[in-house]
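Derivation of every value follows stated rules applied to the coordinates shown; laboratory data play no part. All values derive from a computational prediction rather than experimental measurement. Virtual Cβ from ideal backbone geometry, glycine too; neighbours counted across all protein chains shown.
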Amino acid sequence: MTRRKRYSAEFKREALRRANEVGVTDVLVAEELGINARNLRNWRDAAEGEGDFVIDDETRKSLMDYAASNEAMKDPIEVAEAVLHQMSSDAPKRRYMVTPNAEQAAETIRVAMQRTLQLNEGQPYSYSRDELVALLDESLKTN
């Protein structure tokens with residue numbers, strides 16, 4: 001009969017710490033340490049039962065995705081300022097654009113322009129490029 005190998009508490013803690021690093025999976029850590037990935041899951045379950053905070057791969061990935069999406073978001077103060085201006089100004093803008101960076105602002109304008117071009121396309125009163133530019137110039141003068 002084969003005896004099960006015993007691992008120290010420190011070894012288990014270090015293995016779980018390594019497995020909880022960003023971009024690291026249980027399988028990878030298990031291979032690095034020469035253990036079965038099931039051991040890591042068992043140790044994590046035991047640690048959670050003892051009140052130690054250990055997260056699983058799925059939760060870790062979800063948290064990483066959430067953090068990445070937050071980095072791309074605009075400062076809430078700028079959003080609040082736009083809302084406050086719209087609600088309290090004597091002359092609020094017709095539209096507000098709050099984007100986290102110049103690239104996304106350009107993409108937002110590009111999409112709006114594409115919609116305009118699609119609206120213009122194949123219509124009985126379609127405008128040429130020069131006519132569209134003239135309309136844009138006229139609009140810029142009135143704003």
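Suppose R0 equals 22 Å. What FRET efficiency, 1/(1 + (r/R0)^6) with r the Cβ-Cβ distance, do MET113 and GLU138 give to the nearest 0.05? Each step should come with its number before you reach the end.
Working: r = 16 Å, r/R0 = 0.72.
The pair MET113/GLU138 has a calculated efficiency of 0.90.
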Report task. Once you have the Cα-Cα distance between ALA47 and ALA67, take 0.36 nm times their residue separation minus that, and quote the gain in nm to one decimal. Result -> 4.7 nm
Report task. Kindly put ASP45, ASP57 in sequence by how many other C-beta atoms sit within 10 Å of each C-beta, fewest to most. Result -> ASP45, ASP57
Query raised in the report: Based on DSSP H runs of at least 4 residues, each adding -39500 (n - 2.57), what is the mean residue ellipticity at 222 nm of the chain after dividing by all its residues, to the nearest 500 deg cm²/dmol?
Result: -20500 deg cm²/dmol
Query raised in the report: Taking 0.36 nm per residue of separation and subtracting the Cα-Cα distance, what length does fully extending SER8 through VAL79 add?
Result: 20.4 nm
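Can you list the DSSP H helices in the chain whose Cα atoms extend at least 24 Å along the helix axis and whose mean Kyte-Doolittle hydropathy is -1.0 or higher? Before the final figure, lay out the partial values.
On the way: long enough: 102-120 (27 Å, -0.32).
Counting only whole DSSP H runs, the qualifying helices are 102-120.
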Query raised in the report: Kirkwood Rh over Cα pairs of the stretch 66-143 into Stokes-Einstein at 20 °C, 1.002 mPa s: D in µm²/s?
Result: 139 µm²/s
Query - Relative contact order (%) - criterion: Cα under 8 Å, at least six apart; region: the chain - result: 13 percent
Query raised in the report: Considering every Cα-Cα pair within the stretch 91-136, what fraction, in whole percent, is farther apart than 12 Å?
Result: 71 percent
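Restricting to DSSP loop positions (anything but H, G, I, E, B) with no more than 12 other Cβ atoms inside 10 Å of their own Cβ, which trypsin sites (Lys or Arg not before Pro) remain in the stretch 86-143?
When the trypsin sites (Lys or Arg not before Pro) of the stretch 86-143 are filtered for loop state and at most 12 Cβ neighbours within 10 Å, LYS93, ARG94, ARG95 remain.
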Query - Calculated P(r) tail over 20 Å for the chain, as whole % of Cα pairs - result: 70 percent
Query raised in the report: With labels modelled as points extended 7 Å from the Cα through the Cβ direction, what inter-label distance (nm, one decimal) is found for SER89 paired with GLN123?
Result: 2.7 nm
